[in-house]
Amino acid sequence: METYEVGLESEDIDTPALLIDLDKMEKNISTMANFFKGKTAKLRAHTKVHRTPIIAHKQIEAGAKGICCQKVAEAEIMVASGIKNIIVSNEIVTPSKIRRLIALTNYADIIVPIDAYHNAKALSKASLKQGKKLKVMVDIHMGSDRCGVEPGEPTLKLAKRIQQLKGLSLIGLMGFEGHVSSMQPREKRRTEIERLEGLLVDTKELLGKSGIEVYEISTGSTGTYDVSGTIPGITEIQAGTYILMASEYHKATPEFDCALSVITTIISKPSDERIITDAGRMSIYTMGKLPEVVGWRGLEPVSVHAENTILKKSGSVDIEVGDKIELIPPYLDGTVKLHDRFYAKRKGRIEAVWKILGRDSSK
C-alpha cells in the first residue's frame, strides 16, 4: 500500500478520509488499562470497532488479556497477525464457518459462545473430526433481544448437555448488556448493570451446585466497564468503542476522547448560512444521527446525504470553499467499514497509514 501521505500535514491529504488522533487514542488505551490494574477482572478488547491488527496489538501490549472478534474472518486476520487469545463473540453455525473456526485452534486459543444444543452438536462433531476440543461458553440473554439462552435453569439445562459432548470444553458464561451501555443518568445505569450481572453470577452458582465449574464470566462493554469490572465473579470485560469513541457514545462515557474523525473539504458555499462538504453517508455511518464538527463553533450539521453533509453556519465563522474540517461519526463500526485505511495523525501531521485489513471480514 502506498504511504506517501506519511509526514504530510493532515490537511494536505485528499478527502474524505478517516483520521485517528494518536494522542487521544493512546490516552483512551491508558485510561482503560489503568482502570483494570489490580482488578480481578481483565479487559478483553473488542476489535470490531477498528478491525485492524496493529491497533489490537496496542491494546494487548497495554494489558488486555486477549480480544473479541464478531466474525470468523476477523479472527482469521487477527490470528495471522500473531494474536493468540480470541473469543469469536457470535454464534457460528454454518458448516464452512465451523470448519474455519476450528482450524484456527491450530494457531490460537479460540473460544466461541453457544445458545442452542443443535449448534453445540455441530461444533463438537466438527471439532472431533479435526482431533480438537473446542472451548465454548454458554451465551446468556440479558435483555438486549439478541442471541442467548435465558439465565438460570435454561442455562443449566444447556450446560449439562454441552458437557456430554466430547468435542467441546465448557469454560464459562458470556453475556451482553449493551442495551444499557448509554443509559442516563450513570447511577441508574450502575443499578441496572449490577442487576443484570447478578443474573450471570447467580447462574454460575447454580451451575456450581450441579457440579459444573465455571472458570470465566465474560461480559460488559465500554459503557459498563467501570461497574462490570468490579463485580465479584466477573472475570473479563468485552469493551471496544472506548479506543476511538463515537460522538453519541461519548455522552455516556466522557472519560474517553473521540479519537476518530472523517476529514472533509468544503466544496460549496451557496449562501452565507449553508455550507456543503464532500463527505456524506458513503463516508460516515450515521444510524439516523448527525456527526459533530471538531473545533469550529458556529458550524452545525443539519443533514447528511449520499456524498455530502450540509452544515448551517451561524455567527462570524470564517470558512471558505477549499477549507477542511473534521466530523466525528455518531457510529464507528459502520464508518470504519466504509474506508480502506486509517490516517494516524499526531499533532496535525500524518505519522502512519494503516490498512483496515478486516474491512471486508463479514463472514
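The values are calculated or read from the model by the stated rules, or taken from the named source; none is laboratory data. Keep in mind that this is a model prediction, so the values were computed, not measured. In this analysis, Cβ positions are derived from the backbone assuming ideal geometry, glycine residues included, and neighbour counts consider all displayed protein chains.
Being of a type in the set (S, T, N, Q) and more than 21 Å from the chain's Cα centre (by Cα) is the filter; apply it to region 228-271 and report the residue that is surrounded by the most Cβ atoms within 10 Å (Cβ to Cβ). Before the answer, list the steps.
Of region 228-271, the ones of a type in the set (S, T, N, Q) are 228, 230, 235, 238, 241, 247, 253, 261, 264-265, 268, 271.
Pick out the ones that are also more than 21 Å from the chain's Cα centre (by Cα) and you get 264-265, 268, 271.
Details: Thr264: 25, Thr265: 18, Ser268: 13, Ser271: 8.
Only one residue fits best here, namely Thr264.
Only a single item in (1) surrounded by fewer than 17 Cβ atoms within 10 Å (Cβ to Cβ); (2) polar (S, T, N, Q); (3) touching a residue at least 60 places away in the same chain (Cβ under 8 Å) is not met by Ser96, and it is number (3). If you go through region 319-363 and keep only what is touching a helix residue (DSSP H, G or I) at 6+ places or on another chain (Cβ under 9 Å), more than 30 Å from Pro270 (Cβ to Cβ) and among the acidic types (Asp, Glu), you end up with Asp333, Glu351, Asp360.
Residue count for region 22-57 satisfying the condition of being more than 13 Å from Met78 (Cβ to Cβ), small (Gly, Ala, Ser) and part of a helix (DSSP H, G or I): 2. Looking across region 243-259, just one residue is in contact (Cβ under 8 Å) with a residue 40 or more places away in the chain and among the polar types (S, T, N, Q), and that is Ser247. Residues of region 266-296 being in a strand (DSSP E or B) and either of a type outside the set (A, V, I, L, M, F, W, C) or out of contact with any strand residue (DSSP E or B) (no Cβ under 8 Å at 6 or more places or on another chain) (or both), which ones? The answer is Ser268, Arg274, Thr277, Glu292. Taking Ala159, is it at pLDDT 95 or above, more than 22 Å from Glu236 (Cβ to Cβ) and over 27 Å from the mean Cα position of the chain (by Cα)? Judged against the criteria, Ala159 is not a match.
For Tyr249, state whether it is of a type outside the set (Asp, Glu) and outside any strand (DSSP E or B). If you could, list the steps in order and put the result at the bottom.
On the way: of a type outside the set (Asp, Glu): yes; outside any strand (DSSP E or B): yes.
It is true that Tyr249 is of a type outside the set (Asp, Glu) and outside any strand (DSSP E or B).
A single member of Ile55, Ile114, Ile110, Ile92 is hydrophobic (A, V, I, L, M, F, W, C) and either closer than 30 Å to His250 by Cβ or more than 22 Å from the chain's Cα centre (by Cα) (or both), and it is Ile55.
Looking only at residues in region 301-337 that are under 21 Å from the mean Cα position of the chain (by Cα) and either more than 27 Å from Ala73 (Cβ to Cβ) or free of Cβ contacts under 8 Å to residues at least 60 places away in the same chain (or both), which one is surrounded by the fewest Cβ atoms within 10 Å (Cβ to Cβ)? Write out each step before concluding.
Quick first cut of region 301-337, residues under 21 Å from the mean Cα position of the chain (by Cα) only: 327-337.
Then keep just the ones that are either more than 27 Å from Ala73 (Cβ to Cβ) or free of Cβ contacts under 8 Å to residues at least 60 places away in the same chain (or both); that gives 327-328, 334.
On the way: Leu327: 26, Ile328: 22, Gly334: 15.
Going through the qualifying residues, I end up with Gly334.
In region 162-185, the qualifying residues are those that are over 18 Å from Leu206 (Cα atoms) and aliphatic (A, V, I, L, M), and the one that is nearest to the chain's Cα centre (by Cα) is Val180.
Anything in region 162-184 that is of a type in the set (A, V, I, L, M), out of contact with any Pro (no Cβ under 7 Å at 6 or more places or on another chain) and at pLDDT 95 or above? List them, or say none.
First pass over region 162-184, keeping only residues of a type in the set (A, V, I, L, M): 162, 165, 168, 170-171, 173-174, 180, 183.
Filter once more, so that each one left must be out of contact with any Pro (no Cβ under 7 Å at 6 or more places or on another chain): 162, 165, 168, 170-171, 173, 180, 183.
Listed by number, the residues that qualify are Ile162, Leu165, Leu168, Leu170, Ile171, Leu173.
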